[in-house]
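The values are calculated or read from the model by the stated rules, or taken from the named source; none is laboratory data. The structure displayed is predicted, hence computed values, not measured ones. Because the Cβ atoms are built from the backbone with ideal geometry, glycine has one as well, and the counts that use them run over all protein chains shown. Heads up: the accessible areas ignore ligands, DNA and RNA and are worked out on the full protein's heavy atoms, side chains in. Shrake-Rupley method; radii C 1.70, N 1.55, O 1.52, S 1.80 Å.
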Amino acid sequence: MQIGEFQQLIDRMYSDKDRRRGAAKTFLWFAEEVGELASAIAKTDKKNKVGEFADVLAWLVTLANVEGVDLEQAIKKFTAGCPGCGEMVCRCDEKLTR
Ligand SMILES: [Mg+2]
Ligand SMILES: [Zn+2]
């Protein structure tokens, strides 16, 4: 499945609720899931960890839907090379960030 297809799937499943909730409250759900992922990684619980990656991704996609961001377009920032150096294998100094 492509990222854009996943975004459409999440939109179909949840968009009515998501838009009523709004971006600020949706961001809190996203942040909570990031915390759950941190715990799952710390506990080395593999099954739980995989599920938490899915939750974080789904909530990030949900936020994009609420904010009207097309993720297929957004990831073009990376698909043509590193945004910092332009290379497909990054040659930036460690201090440079995404
Ligand atoms: Mg979770
Ligand atoms: Zn780079």
In what order, largest first, do T79, T44, T62 sit by accessible area if the probe radius is 1.4 Å? T44, T79, T62
Would you mind computing Rg(Cα) / (2.2 N^0.38 Å) for region 1-41, counting N as its residues? 1.36
Counting only heavy atoms of protein chains, what accessible area per residue, in Å², does the chain have with a probe of 1.4 Å? 75
At 1.4 Å probe size, with the rest of the protein present, what percent of the exposed accessible area of the chain is carbon and sulfur atoms? 56
Accessible surface ranking that places the most exposed of V89, V61, V34, V66 first, with a 1.4 angstrom probe: V89, V34, V66, V61
Taking GluC sites (Glu not before Pro) as exposed when DSSP calls them loop (any state but H, G, I, E, B) and at most 16 other Cβ atoms lie within 10 Å, what is the longest stretch of the chain free of them, the sites themselves excluded? 1-86
Can you put K25, K95, K49 in order of accessible area, largest first, using a 1.4 Å probe? K95, K25, K49
How far is it, in nm, from the label point at D45 to the one at F6 when both lie 7 Å from their Cα along the line to the Cβ? 2.2
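Place a +1 charge on the Cβ of each Lys and Arg in the chain and a -1 charge on the Cβ of each Asp and Glu, then give the dipole magnitude about the Cα centre in debye, rounded to the nearest 20.
100
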Extension gain (nm, one decimal) between D16 and F78, 0.36 nm per residue minus Cα-Cα: 19.3 nm
Using 0.36 nm times the number of residues separating V69 and A38, minus their current alpha carbon distance, what extension gain do you get? 8.6 nm
